[in-house]
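These notes concern the structure reproduced below.
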Amino acid sequence: MGKDNEVSAREVEDSNSEQITTKFSINVLQLLKSAQMQHGDYTRYRRYCTARLGRLYKSLKFKHGRGKYTRRAITESTVTEVRFLHVVLYMAERAWSHAMEKRQLPDGPNAHQHIYLIGRLRKALKWANLFSHLCAIKGDSRTSLEAEVCLQFDDFCYLLYTFHL
């Protein structure tokens with residue numbers, strides 16, 4: 001996967017404040033589809049997402065430090081590179097693939113696993129919502145639309161498993 005078609009940044013002149021702001025562009029659907037097809041099952045894809053997150057954290061110097069773990073928040077002011085958007089995207093994908101992995105157990109999920117599955121879908125929805133919000137602010141129009149599609153898909157999956165449809 002080349003970086004040419006994956007990520008590009010454009011600078012847009014802001015007429016109100018006379019400063020240059022960077023709008024990020026990600027081919028979200030292409031990125032996710034190629035990664036999912038490359039790894040086959042949900043377990044391998046979840047492990048890939050976890051490893052990718054570790055590499056992103058390290059390259060961004062966004063480590064959590066020693067001692068007790070406290071998650072560092074990713075906000076609008078934190079997103080200075082496109083890789084911060086990738087962190088949020090892969091967090092959502094990791095939670096979604098974990099839920100799908102639990103759904104495909106040989107005997108099907110029992111009651112406890114079903115509750116856990118719904119929790120993972122809820123977490124995926126939370127991360128997808130944050131990704132969509134950040135893309136609406138920091139991304140170009142195409143990235144924002146593709147992020148909305150991902151949010152709608154995660155919302156649909158959550159509703160499907162919550163109400164046993």
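Taken over region 51-85, the criterion of being of a type in the set (Val, Ile, Thr) and either at pLDDT below 90 or surrounded by fewer than 14 Cβ atoms within 10 Å (Cβ to Cβ) (or both) is satisfied by Thr70, Ile74, Thr75, Thr78, Val79, Thr80. In region 115-134 there is at least one residue matching the filter, namely being within 13 Å of the chain's Cα centre (by Cα), in contact (Cβ under 8 Å) with a residue 60 or more places away in the chain and buried (at least 20 other Cβ atoms within 10 Å of the Cβ).
Taking the numbered list (1) within 18 Å of the chain's Cα centre (by Cα); (2) open to solvent by 50 Å² or more (accessible area, probe 1.4 Å); (3) without any contact (Cβ under 8 Å) to a residue 60 or more places away in the chain in turn, Pro106 passes all entries but (1).
The values are calculated or read from the model by the stated rules, or taken from the named source; none is laboratory data. Quick caveat: nothing in here was measured; it's all calculated off a predicted structure. A quick note on method: Cβ atoms are made from the backbone with ideal geometry, for glycine too, and the neighbour counts reach across all protein chains shown. The protein model used for the area step is the full one, side chains on, heavy atoms only, and it has no ligands, DNA or RNA in it. Shrake-Rupley method; radii C 1.70, N 1.55, O 1.52, S 1.80 Å.
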